[in-house]
1. From the list Ala10, Ala40, Ala30, which one is over 27 Å from Arg97 (Cα atoms) and at pLDDT 95 or above?
2. Among the candidates Gly196, Gly175, Gly208, which residue alone is within 12 Å of the chain's Cα centre (by Cα) and either not basic (Lys, Arg) or not in a loop (DSSP other than H, G, I, E, B) (or both)?
3. What pairs come up if the first residue lies in region 57-84 and is farther than 18 Å from Gly175 by Cα and in a loop (DSSP other than H, G, I, E, B), the second is modelled with pLDDT of 95 or more and of a type in the set (Lys, Arg), and their beta carbons are under 8 Å apart, counting only those six or more places apart or on different chains?
4. Would you confirm whether or not region 218-239 contains a residue that is surrounded by fewer than 17 Cβ atoms within 10 Å (Cβ to Cβ), β-branched (Val, Ile, Thr) and either in contact with a helix residue (DSSP H, G or I) (Cβ under 9 Å, 6 or more places away or on another chain) or within 26 Å of Cys125 (Cα to Cα) (or both)?
5. How do the pairs read when you match residues in region 86-105 that are at positive phi with residues anywhere that are in a loop (DSSP other than H, G, I, E, B), using Cβ under 9 Å and keeping only pairs 6 or more apart or on different chains?
6. Could you list, in sequence order, all residues of region 189-205 that are modelled with pLDDT of 95 or more, over 19 Å from Ala139 (Cα atoms) and surrounded by fewer than 24 Cβ atoms within 10 Å (Cβ to Cβ)?
7. Does Gly140 qualify as being in contact (Cβ under 8 Å) with a residue 12 or more places away in the chain and surrounded by fewer than 21 Cβ atoms within 10 Å (Cβ to Cβ)?
8. Determine if region 8-17 includes at least one residue that is surrounded by 17 or more Cβ atoms within 10 Å (Cβ to Cβ), touching a strand residue (DSSP E or B) at 6+ places or on another chain (Cβ under 6 Å) and within 30 Å of Ala121 (Cα to Cα).
Amino acid sequence: MTTDTESLQATIERLHAAGGDADRDEARAAFATLRAELSAGRFRAATPDPAAPAGWRVHGWVKQGILVGFRCGAIAAFPGGDPDVPFLDKDTLPLKRLDAASRVRLVPGGSSIRDGAFVGAGVICMPPMFINIGAHVGAGTLVDSHALVGSCAQVGERVHVSAAAQIGGVLEPIGAMPVIIEDDVLVGGSTGVYEGTVVKSRAVIGAGTVLTGSTPVYDLPRRRVIRPGDGAPVVIPEGAVVVPGARAVTAEAGREWGLALATPVIVKYRDEKTDAGAELEAWLR
């Protein structure tokens, strides 16, 4: 960590602690610096750490800085499709400026990327989609129509975030793990990944699956139940293929009524057939 980083971190922590009493001009300047560093990918809300329980370390001060940016912003007009009907949002949260040199395809049709999000080269954004501030989206990833990449979510390289998938944002609690999607993951359509769930590389999350940081996942091939650990959320193993499932309610009334609860189930681990199916994404690029 450089001295400049330490200085910015200390400033943001002080401004966050001051709440509404923080100096607004200082807060706006500090947030502008943080936003530029996030947008360039030099700072992240979480970074890989093999020594951490889930393999990732959270940088809570980055989340604090984003909250400072919301607090010190004023409502301002942003250009819209109709010049007479502009967008209205906090002036500290403009859209990210892209040009052809970025090698990002941002397809017309109602998509937005907030400045302060990092978007790697070769990322494809299909309309309408939204990438929020603090998110980190690795090179070659596809963010499909109606998909969300929430605040501080960390999405790896060559990931397919399918249509209507929701990668939840985690700003508070400050120390909470953001959602982590590692490299080469396929996130199926209408999937929800929330509450700091960690999805390891090459996993496949089947369409309609909902993952949270606290919901147990039933691993059929390895005959185990994956639960959150001490201070760590649920971690989906590398190469796991997860689909929606159900488990019987064992309480008396549940048995009587024949009820079941939705639960994610690992049905297998990625093999050559799964990989061949995933290669279809190449045709979209």
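The values are calculated or read from the model by the stated rules, or taken from the named source; none is laboratory data. Note that the structure is predicted; figures quoted are calculated from it, not measured. Reconstructed Cβ throughout: ideal geometry from the backbone, glycine too, with neighbour counts over all protein chains shown.
1. Ala10
2. Details: Gly175 fails: within 12 Å of the chain's Cα centre (by Cα); Gly208 fails: within 12 Å of the chain's Cα centre (by Cα).
Just one listed residue meets the conditions, Gly196.
3. Qualifying pairs under 8 Å: Gly73/Arg28.
4. The answer is no; no qualifying residue exists.
5. Pairs found: Arg103/Gly120; Arg103/Ala121; Arg103/Gly122; Arg103/Val123; Arg103/Ala139.
6. Hits for region 189-205 are Gly189, Ser190, Gly192, Tyr194.
7. Working: in contact (Cβ under 8 Å) with a residue 12 or more places away in the chain: yes; surrounded by fewer than 21 Cβ atoms within 10 Å (Cβ to Cβ): yes.
Yes.
8. Our first condition is that a residue be surrounded by 17 or more Cβ atoms within 10 Å (Cβ to Cβ); within region 8-17, this holds for 8-9, 11-12, 15-16.
Imposing the further condition that a residue be touching a strand residue (DSSP E or B) at 6+ places or on another chain (Cβ under 6 Å) reduces the set to none.
There is no residue in region 8-17 that is surrounded by 17 or more Cβ atoms within 10 Å (Cβ to Cβ), touching a strand residue (DSSP E or B) at 6+ places or on another chain (Cβ under 6 Å) and within 30 Å of Ala121 (Cα to Cα).
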